[in-house]
Amino acid sequence: MHGGDEVVAALAGPPQPLDWKFSQVFGERTAGEEVQEVDIISAIEFDKTGDHLATGDRGGRVVLFERTDTKDHGVSRRDMERMDYLISRHPEFRYKTEFQSHEPEFDYLKSLEIEEKINKIRWCQTANSALFLLSTNDKTIKFWKVQEKKVKKISDMNLDPSKAVGNGSIASSSNSSSPKPCLANGSSLDGSYNNLSHDFSFPPGGLPSLHLPVVVTSQETNLVARCRRVYGHAHDYHINSISNNSDGETFISADDLRINLWNLEISNQSFNIVDVKPANMEDLTEVITSAEFHPTHCNMLAYSSSKGSIRLIDLRQSALCDSHAKLFEEPEAPGSRSFFTEIIASISDIKFAKDGRYILSRDYMTLKLWDINMDSGPVATFQVHEYLRPKLCDLYENDSIFDKFECCLSGDGLRVATGSYSNLFRVFGCAPGSTEATTLEASKNPMRRQVQTPSRPSRPLSSITRVVRRGTETPGVDANGNSFDFTTKLLHLAWHPTENSIACAAANSLYMYYA
């Protein structure tokens, strides 16, 4: 998305809409199977290479998956593409390991239960073939190391383990004239020996010598997850975001009113860099909803608010970044204000594009793409489910209007994606002239709900033109004319960093698609 790239793209025309296909599903539900609350996926994240995928659930577990299709060839997929190597196989992942990251806790001072639910997962830099990641619930962040360890076994024992009984604590006397065998501390076995005599007998003449057991490292390996550090007691409110810095040493954590900066090596102190808490809580008008570091500039980060604004801050300006470097917000259209205006304007998620030039934000009804060099308004707006606007009253009544949908960008920055209800997700093209607006269902047949988008004149995406993309929508129904199901919602999804592959969560099932 640099200037030269935009000129080339404009000459070549917009890329063709992608043809999405089902790849894999983990934890698929059978018809009529009831989903346990603890199994519902609450976080998804690819690592930087795209070779590993992590999910967190409401039960406090983190599950890791690893890619298998690139390992078969012995070279990375990127190298294959450089060599014009034709890859007919789609991305494939397999279950790697899982571990219990968080447990339910109770805050006795505030009489508050702290859920074990994983709110966010972020991958850290790998080292010595070990994987590192951060996971957080509402209050506590943990730093995990996942590594293959060789299994150690005990060998060269006196007793044949297949014949030994009990706990194997029998030790024989080397003196054959001894009337009774003794334990290591010299006490007699007496009655217990009679019980053992059916299964165990000394060789004639006794054992010639006593062998000390030897610990031997076998070739078998086990994946072991160890919690290296716990970053706690720094947030009075629920943590909604964590984000790694490009320096590889620090990360931020954000709650409703504060953003803290941590060093990965130091768990007992953090620096408060943003504090929006007013002196009098009755004056509170907005809260922080999401925060993320710039992908390449270690001094810059962005955070969004419940009022629909995004603030870009520069850590070089001051220790406490209460004044922002840039403010991105869309002016309210005159006459459009209603009771729901502020609620649906709240941004639930923001993501930087890979090159750091654009920020993608998701509010309740739309996706917006912002150019960090242009703070007058978004360069593109994508309507996710405009047909829900007449139903906002119902959505408010059943609390669905407060659902927090995530968003993601493709690695090449040409497309964006986000979830909706009825386990649907939308993929939009954001390249100049693109009219791509695809609706997919999280199932084995993702195109089941697909309707052709009517062709219409496209407008170029330039630094001053604003684009509004709706896709195909009919009031009161979804893209296929079906009534909407507010109980099944696709909140969490992630785009592979280098390929057109999406992982998304529908309740306890992880679906993967490729194009």
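The values are calculated or read from the model by the stated rules, or taken from the named source; none is laboratory data. Keep in mind the model is a prediction, meaning the values are calculated, not measured. Here the Cβ is made from the backbone with ideal geometry for all residues, glycine too, and neighbour counts use every protein chain on show. Note: areas computed on protein heavy atoms with side chains; ligands, DNA, RNA excluded. Shrake-Rupley method; radii C 1.70, N 1.55, O 1.52, S 1.80 Å.
Can you confirm whether GLY377 is within 26 Å of TYR514 (Cβ to Cβ), of a type outside the set (A, V, I, L, M, F, W, C) and either part of a strand (DSSP E or B) or open to solvent by less than 10 Å² (accessible area, probe 1.4 Å) (or both)? Can you show your working first?
On the way: within 26 Å of TYR514 (Cβ to Cβ): no; of a type outside the set (A, V, I, L, M, F, W, C): yes; either part of a strand (DSSP E or B) or open to solvent by less than 10 Å² (accessible area, probe 1.4 Å) (or both): yes.
Spelling it out, it is not the case that GLY377 is within 26 Å of TYR514 (Cβ to Cβ), of a type outside the set (A, V, I, L, M, F, W, C) and either part of a strand (DSSP E or B) or open to solvent by less than 10 Å² (accessible area, probe 1.4 Å) (or both).
Could you check, for the range 308-327, whether at least one of its residues is free of Cβ contacts under 8 Å to residues at least 40 places away in the same chain and farther than 22 Å from LYS277 by Cβ? Among the residues of the range 308-327, at least one is free of Cβ contacts under 8 Å to residues at least 40 places away in the same chain and farther than 22 Å from LYS277 by Cβ, which makes the answer yes. In the range 300-317 there is at least one residue matching the filter, namely being more than 22 Å from PHE428 (Cα to Cα), touching an Asp or Glu at 6+ places or on another chain (Cβ under 9 Å), aromatic (Phe, Trp, Tyr) and in a strand (DSSP E or B). The single condition among (1) open to solvent by 50 Å² or more (accessible area, probe 1.4 Å); (2) out of contact with any Leu (no Cβ under 6 Å at 6 or more places or on another chain); (3) over 17 Å from ASP256 (Cα atoms) that THR341 does not meet is (1).
Please enumerate the residues belonging to the range 274-292 that are of a type in the set (A, V, I, L, M, F, W, C) and surrounded by 16 or more Cβ atoms within 10 Å (Cβ to Cβ). If you could, list the steps in order and put the result at the bottom.
Pass one, the range 274-292, residues of a type in the set (A, V, I, L, M, F, W, C): 274, 276, 279, 281, 284, 287-288, 291.
Once the filter is applied, which keeps residues that are of a type in the set (A, V, I, L, M, F, W, C) and surrounded by 16 or more Cβ atoms within 10 Å (Cβ to Cβ), the range 274-292 yields VAL274, VAL276, VAL287, ILE288, ALA291.
Answer yes or no as to whether ILE114 is among the hydrophobic types (A, V, I, L, M, F, W, C), modelled with pLDDT under 95 and surrounded by 11 or more Cβ atoms within 10 Å (Cβ to Cβ). Working first, answer last.
Numbers: among the hydrophobic types (A, V, I, L, M, F, W, C): yes; modelled with pLDDT under 95: yes; surrounded by 11 or more Cβ atoms within 10 Å (Cβ to Cβ): yes.
So ILE114 fits the description; yes.
Here THR438 qualifies as among the β-branched types (Val, Ile, Thr), in contact with a Gly (Cβ under 9 Å, 6 or more places away or on another chain), touching a residue at least 60 places away in the same chain (Cβ under 8 Å) and surrounded by 23 or more Cβ atoms within 10 Å (Cβ to Cβ). Examine the range 188-207 for a residue that is open to solvent by 70 Å² or more (accessible area, probe 1.4 Å) and either under 30 Å from ARG58 (Cβ atoms) or at pLDDT 85 or above (or both), and state whether such a residue exists. Scanning the range 188-207 turns up no residue that is open to solvent by 70 Å² or more (accessible area, probe 1.4 Å) and either under 30 Å from ARG58 (Cβ atoms) or at pLDDT 85 or above (or both). Scanning the range 381-417 for residues that are closer than 26 Å to PRO331 by Cβ, assigned to a strand (DSSP E or B) and of a type outside the set (Val, Ile, Thr) turns up PHE382, GLN383, CYS407, LEU409. Any residue that is assigned to a strand (DSSP E or B) and at pLDDT below 95 - is there at least one of those in the range 319-326? Checking the range 319-326: at least one residue is assigned to a strand (DSSP E or B) and at pLDDT below 95. Please work out which residue is farthest from ASN245 (Cα to Cα), limiting yourself to the range 267-292 and to residues that are under 22 Å from the mean Cα position of the chain (by Cα) and among the hydrophobic types (A, V, I, L, M, F, W, C). Filtering the range 267-292 for residues that are under 22 Å from the mean Cα position of the chain (by Cα) and among the hydrophobic types (A, V, I, L, M, F, W, C), the one farthest from ASN245 (Cα to Cα) comes out as ILE288. Do you know which of the residues in the range 293-323 that are closer than 16 Å to ILE359 by Cα and open to solvent by 70 Å² or more (accessible area, probe 1.4 Å) is farthest from the chain's Cα centre (by Cα)? Out of the qualifying residues, it is HIS297. LEU369 satisfies every condition listed in (1) closer than 21 Å to ILE44 by Cα; (2) modelled with pLDDT of 95 or more; (3) not β-branched (Val, Ile, Thr) except (1).
Considering only residues that are within 20 Å of the chain's Cα centre (by Cα) and acidic (Asp, Glu), look in the range 374-411 and name the one that is nearest to ARG357 (Cα to Cα). Applying the filter and picking the extreme gives GLU406. Candidates are the residues of the range 17-39 that are part of a loop (DSSP other than H, G, I, E, B) and more than 19 Å from ARG58 (Cα to Cα); the one that is most open to solvent (accessible area, probe 1.4 Å) is ALA31.
Which fully enclosed strands (runs of 3 or more DSSP E) of the range 50-100 have 2 or more residues being modelled with pLDDT of 90 or more, of a type in the set (Gly, Ala, Ser) and at negative phi?
Values: elements: 52-57, 61-67, 93-100.
Correct list: 52-57.
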